[in-house]
1. What is the Cα radius of gyration of the stretch B:1-155 over 2.2 N^0.38 Å, N being its residue count?
2. Restricting to lysine pairs 8 or more places apart or on different chains, what number in chain B have Cα atoms under 17 Å apart?
3. Can you tell me the 0 to 90 degree angle between the C-alpha axis of helix B:130-139 and the longest principal axis of chain B, rounded to 10?
4. Using alpha-carbon positions, what is the distance between the centroids of the stretch B:329-387 and the stretch A:1-69, in Å?
5. Which ordering of B:D331, B:D202, B:D116 is given by a fewest-first count of other beta-carbon atoms within 10 Å?
6. Identify all lysines with a Cα-Cα distance to A:K45 below 28 Å; exclude those on the same chain that are fewer than 8 residues away in sequence.
7. Please compute one quarter of the surface area of the Cα convex hull for the stretch B:211-311 and express it in square nanometres.
8. Over what distance in Å are the Cα centres of the stretch B:147-175 and the stretch B:42-121 separated?
Amino acid sequence: MEDLYRDQIIDHYQNPRNHGTLEHPDISYEEDNPVCGDHIRIDLKVDNGIVTDARFAGHGCSISQASASMLTEDIIGKSLEVVRQIGKEHVLEMLGIPLGPVRMKCALLALKVLKAGAYGLQGWPGDEEEE
Amino acid sequence: MTSTLDVAKIRADFPILNRRVHDKPLVFLDSAASSQKPAVVIDAMDHYYRTSHANVHRGVHTLSEEATALYEGARRRIGKFINARSSREVIFTRNATESINLVAFTWGRANLRSGDEILLTESEHHSNIVPWQMLAKEVGAIVRYIPVDAQGYLDTSALDSMLTVKTKIVGIASMSNVLGTIMPIEEVTQRAHGVGALVLIDGAQGVPHLPTDVQAIGCDFLAFSGHKMCGPTGIGVLWGRRELLEAMPPFLGGGDMIRTVTYEGAEWNELPWKFEAGTPAIAESIGLGVAVDYLSALGMPAVRAHEREIIAYALDRLAEVPGLTLIGPDDPDRRGGVATFTLDDIHPHDLAAILDGEGIAIRAGHHCAMPLHRKLGLMASSRASFYIYSLPEEVDRLIEGLYKAKSIFKR
């Protein structure tokens, strides 16, 4: 259990990075996890195809919020093209913990929101990546 | 703590309680979601499939007669358990949700008109809200909600002002699944009848934990599920007053619910089969009949007394934990075996995951009562719920688990 709650996850949960919203985001997307009610919104500032700023807001368990916090840190300075290529393995690697199927949904909600935003889609067609 | 039940003996009846989870003895505190099953229930269903299975109400052969006798015998025992006047008033459904949908779909469509009102409480489970919203949308009726306070107590003065000649039915749970609040259903029934409204009791939480007598309550419908009261999943009950059920149109059409069928139309079977289209959940009904016998042998007043003791102990112990906020009635006389709380800034899903690591099963989330959570200003909560097999030592294990969660979150 201590594995599931590494200090780094608790730290990101209690001291979230890039928390809040952007005043004039170029990209903004939000979504719920209807099973547990987690909610994440991600705002991006994009300049010449490069993510120059990112914020997240929402509520939910430590896994969902920490993964959003880590993701926003990770993508600032990267190109949208690179952001679009981020896979779930990358997020799970950042979290660094083993997750069951239910908590996997929590872990990947931020990625789902980010990619839906980056692709400019109302529903990201990558649901199979959650499994 | 002395208990009115011999809990050690009861625990020996439940094979699953010997399980270990994450290499620790299971502490199962999620019975409000679904209870565990005693061996007699599991064995009865197994025995039925091994010795007497055939379709009911069909054949003249021995197995079909045995299956029918077991199925109808279960109905009679369940009828007695809730003191129904006749077992014809006991309709088998899949669960309490389907029972409520049955009433909304058949009685509701036949009797509700535009502008009629359906009165619920703010603390209802989704299953006693959504079917009525669907009905209201279809016929132009209005759903209103009697307020409850932070402890879940019903605002009975609002009840009086909200009950009018427009009110056609009142839907209320005998016990809140979130707060554990025991509702004054006899009083509500009396007042509702005063304006000519019918009363549907959602007994999903109440029937497994409180003595329930439909004649004493005076209600018109009672819905409950088998799986929360030591029975299997997939079987539930709608009890209704006979004259109401007689007048209602059927729910699903098909075999068993008809008397005669021609190419032009059909005549309905008599009660209760009018509402039981298709092959029913025979084994599950038999299992629920045995579950009801099991609970009757313990005695429902003793079941309630045991749960009152354990919730009183749990409320005392939980109140000692710094940063813990209890939700629901302080008074164990008015609260079932349900302890709902929040702890510091720890999200209930994190808490449930940490407790799971200690072998402790609790429920985390909105417990199918999103409107109530929103009203209480909560996104989610944690719920520990107790039953006949719950021990004070399990409350102690829960408390230890909560301190472990606090240490992980360093608060």
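1. That works out to 1.43 for the stretch B:1-155.
2. Lysine pairs meeting the criterion: 5.
3. That helix lies at roughly 40 degrees to the long axis.
4. Their Cα centres are 25 Å away from one another.
5. So the residues, fewest neighbours to most, are B:D331, B:D116, B:D202.
6. A:K78, A:K88, A:K105, A:K112, A:K115
7. Across all orientations, the stretch B:211-311 yields a mean hull projection of 7.9 nm².
8. 28 Å
None of the figures in this text is laboratory data; all of them are computed from the coordinates on show. As the structure is a computational prediction, the values presented were derived from the model and not from experiment. Positions of Cβ are backbone-derived with ideal geometry, glycine not excepted, and every protein chain shown enters the neighbour counts.
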